[in-house]
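Notes for the one structure printed next.
FYI, it's all coordinate maths here, none of it is from the lab. All figures in this text were calculated on a predicted structure; none of them were measured in a lab. Glycine also receives a Cβ, built like all others from the backbone with ideal geometry; neighbour counts cover every protein chain displayed.
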């Protein structure tokens, strides 16, 4: 059953649809995180428009996502190298 929820991000309230209670919980958590970040931009520059604050929020999140994605790829490469090294050592023992 779809439930409508209102969330506040920046200086605006948005109405969202949530299919489940878990969706509602997740949307509330995500919007609270967005609102916190948007508020930081607004507090730093109170004359900033809501659209500018939300754009900076989006860019900040995209930047963090790219950083985390690169870290994940680096860790995957390290694990692959470790795996290959251990497999080679095991093969040499046999």
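Among the residues of region 38-49, is any free of Cβ contacts under 8 Å to residues at least 12 places away in the same chain, surrounded by 13 or more Cβ atoms within 10 Å (Cβ to Cβ) and not in a loop (DSSP other than H, G, I, E, B)? Yes, region 38-49 contains at least one residue that is free of Cβ contacts under 8 Å to residues at least 12 places away in the same chain, surrounded by 13 or more Cβ atoms within 10 Å (Cβ to Cβ) and not in a loop (DSSP other than H, G, I, E, B).
Check region 71-79 and report whether any residue there is touching a residue at least 24 places away in the same chain (Cβ under 8 Å) and either within 30 Å of residue 14 (Cβ to Cβ) or surrounded by 10 or more Cβ atoms within 10 Å (Cβ to Cβ) (or both). No: region 71-79 contains no residue that is touching a residue at least 24 places away in the same chain (Cβ under 8 Å) and either within 30 Å of residue 14 (Cβ to Cβ) or surrounded by 10 or more Cβ atoms within 10 Å (Cβ to Cβ) (or both). Taken over region 1-10, residues that are within 21 Å of residue 48 (Cα to Cα) and loosely packed, with under 15 Cβ neighbours inside 10 Å amount to 1. Residues that are free of Cβ contacts under 8 Å to residues at least 24 places away in the same chain and either more than 17 Å from the chain's Cα centre (by Cα) or at positive phi (or both) within region 50-65 comprise 51, 52, listed in sequence order.
One line per residue, one yes/no per condition, for (1) farther than 30 Å from residue 1 by Cα; (2) over 17 Å from the mean Cα position of the chain (by Cα):
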site: 34; (1), (2): no, no
site: 37; (1), (2): yes, no
site: 69; (1), (2): yes, no
site: 74; (1), (2): yes, yes
site: 92; (1), (2): yes, yes
